[in-house]
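Values quoted throughout were computed directly from the atomic coordinates according to the rules given, and no laboratory measurement underlies them. It should be emphasised that the depicted structure is a prediction, and the values quoted were computed from it without experimental measurement. Cβ: placed from backbone, ideal geometry, glycine included. Neighbour counts: every protein chain shown.
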Amino acid sequence: MNQPGNPTHLQCISPVDGSVYVERELADPVTITQSIELSRSAQKQWRQTSIDERAKICEAAVQYFEEKQTQIAEEIAWQMGRPIAFAGGEVNGLAERARHMIASAEQSLADIVPAKQEGFNRFIRRQPLGTVFTIAPWNYPLLTAVNSIVPALMAGNSVILKPSAQVPLCGEHFTQAFEATGIPEGVIQNLFLSHADTEKIIGSRELDFVCFTGSVPAGQRIEQAAAGTFVGVSLELGGKDPAYVREDADFDSSVESLVDGTFFNSGQSCCGIERIYVHETLFDKFVEAYVEQVKQYVLASPLEKQTTLGPVVKNSAADWVRKQVAAAIDAGATPCIDPSHFPNATDDTTYLAPQVLIDVNHKMSVMSEESFGPVVGIMPVSNDEEAVGLMNDSDLGLTASLWTQNESLTEQLGERLQCGTVFMNRCDYLDPALVWTGVKNTGRGAALSELGYHQLTQTKSFHLKNA
């Protein structure tokens, strides 16, 4: 989050050229208080609207994003560096998730009715919590935000969105999209906030639930701010996601998919592949094919249509990856990519050449700490036991992918993997029908699917005895 100099403003420094792309005024204490009061008041009206009416409004908001897809794609490219050729895909993902959550709302929010008992009418009803505070990151600014915004609204809550300072225009698009639908004023608001004010709001007891996506240290600060308030907190804090290519894998598909799963969005994905374990009989062939595909990337300005690999979000992110790579090489790792193959990659900029490392081990930071950049380490393994042990050797646990043609074995190994999602023959994807969650330091809580509605509602039991 870039908030230099003047603490009353935020600046989005574009990774494209280092210029100030967007500048916005931070909310002052009076504005914050007024926004919270308006949100709580508007929610009382909003919860009285029918699910059908809420669905119509949310669908209209989705259509706003679709109509502005080209504009939004260019803005995302400028704000965080994703190539314009792919940036518009985030709108497609938003639409897919939003429409699934809209369609599943009635069933997800339906009364839970136990076995009939003579003389009684008994049921459990899901009611809105009140005001939901969504703190969204920069790497997928629409997709991560929609995970909580749409189900929160469909459940009858109001929403206050705090977008990342790196992508302020995405926050504004959410409020503009819903304002165009005629939604009651205050039901969804966008606030530009400092870290200090964000933590102060969480600790104020004025909001009823916090949805946060970001780093582990930031998640710890969120929990500390909420301590003692009894406000619910959902935390999705990233991963060091592994893949295991078994001897029976579809070779070509695994190579192609894992290159994309590693380097899409310049590796800046919580569920992107950051470490790969390959059966020793395939290892040399796999690395050769994998490296050749990585060399096909075009690293350039994300505004150019031919670009397939853009810059990372800021210089400090690039420096962290460079540090990891250098430390691994000093410790004996072998780099497979000559940086000169990517002439646009230069030191002290956000343009970073992709790198594939072999001869790595788990004592190296690149295999144990989240990289969040275009680098991956690949290790040979001799069997499933060794692979599972290495995949679980992390303090993060978001997803893990297995590349094999044996589905029953995948289920068996998946039971032992310490993660929130087990993939077979795919990776780096969120299915809105399945719960999105993690274990260990990846956080807690649940998004998407029916379970995503559960954390955004309060259950109330009705025990009615016939007179």
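Cβ crowding within 10 Å ranks E118, E288 as E118, E288, fewest other Cβ atoms first. Label sites at T8 and N383, each approximated as a point 7 angstrom past Cα along Cα to Cβ, lie 6.8 nm apart.
What's the FRET efficiency of K295 with V216 using the Cβ-Cβ distance as r and R₀ = 30 Å, to the nearest 0.05?
0.35
Residues L207, L282 in ascending order of nearby Cβ atoms (within 10 Å, fewest first): L282, L207. Given the -39500 (n - 2.57) contribution per DSSP H run of 4+ residues, what per-residue ellipticity at 222 nm results for the chain, rounded to the nearest 500 deg cm²/dmol? So the calculated ellipticity at 222 nm is -12000 deg cm²/dmol.
Extending 7 Å from Cα along the Cβ direction at Q63 and again at H195 yields two label points whose distance is 4.2 nm. Residues of the stretch 117-151 falling in the label zone of T229, defined by backbone nitrogen less than 16 Å from a point 7 Å along Cα to beta-carbon, are 129-136.
For the stretch 206-212, 3J(HN,Hα) computed residue by residue from phi via the Karplus equation (6.51, -1.76, 1.60; θ = phi - 60°) reads 8, 10, 10, 7, 10, 10, 10 Hz, glycine and proline entered as x.
Which residues in the stretch 437-466 have a backbone N closer than 20 Å to a point placed 7 Å from the Cα of E415 along the Cα-to-Cβ line? The answer is 439. Normalising the average separation of contacting C-alpha pairs (under 8 angstrom, six or more residues apart) by the number of residues puts the relative contact order of the stretch 1-101 at 24 percent.
If R0 is 30 Å, what FRET efficiency do you get for R444 and R99 from their C-beta distance, rounded to 0.05? Taking R0 as 30 Å, the efficiency between R444 and R99 is 0.65.
Using 0.36 nm per residue of separation minus the Cα-Cα distance, give me the extension gain between Q45 and D248 in nm, one decimal.
So the chain would gain 67.3 nm between Q45 and D248.
A Cβ-based charge dipole, computed about the Cα centre of the chain with Lys and Arg at +1 and Asp and Glu at -1, lands at about 1880 debye. Straight-line cross-link reach from K440 at under 29 Å between alpha-carbon atoms covers these lysines, not counting any fewer than eight positions away in the same chain: K162, K200, K240, K314, K323, K363. Near A300, the amide H atoms lying under 5 Å from its own belong to T308, L309; only residues 5 or more places off or on other chains count, and H is placed 1.01 Å from N. Reducing the stretch 114-167 and the stretch 398-463 to their Cα centroids gives an inter-centroid distance of 18 Å.
Rounded, prolate or oblate: pick one for the stretch 273-379, where a ≥ b ≥ c are the square roots of the eigenvalues of its C-alpha gyration tensor, a/c under 1.5 means rounded, and failing that, prolate if a/b is larger than b/c, else oblate. Taking the square roots of the gyration eigenvalues as a ≥ b ≥ c, the stretch 273-379 is oblate. Each Cα pair under 8 Å and six or more residues apart adds its sequence gap; the mean of these over the residue count of the chain is a relative contact order of 19 percent. Under the shape rule built on the C-alpha gyration tensor, where the axes satisfy a ≥ b ≥ c, the chain is oblate, since a/c reaches at least 1.5 while a/b does not exceed b/c. Two numbers describe the Cα atoms of the stretch 241-431: Rg and Dmax, which are 15.7, 48 Å.
Ranked by how many other Cβ atoms sit within 10 Å of their own Cβ, fewest first, the residues S204, S449 fall in the order S204, S449. Normalising the average separation of contacting C-alpha pairs (under 8 angstrom, six or more residues apart) by the number of residues puts the relative contact order of the stretch 241-431 at 30 percent.
Long hydrophobic helices in the chain: the complete DSSP H runs spanning 27 Å or more by Cα along their own axis with mean Kyte-Doolittle hydropathy of at least -1.0 are 89-108. Using the Cβ-Cβ distance between A180 and D348 with R0 = 41 Å, the FRET efficiency computed as 1/(1 + (r/R0)^6) comes to roughly 0.45. Spin-label model, E23 to V422: label points 7 Å out along the Cα-to-beta-carbon direction sit 5.3 nm apart.
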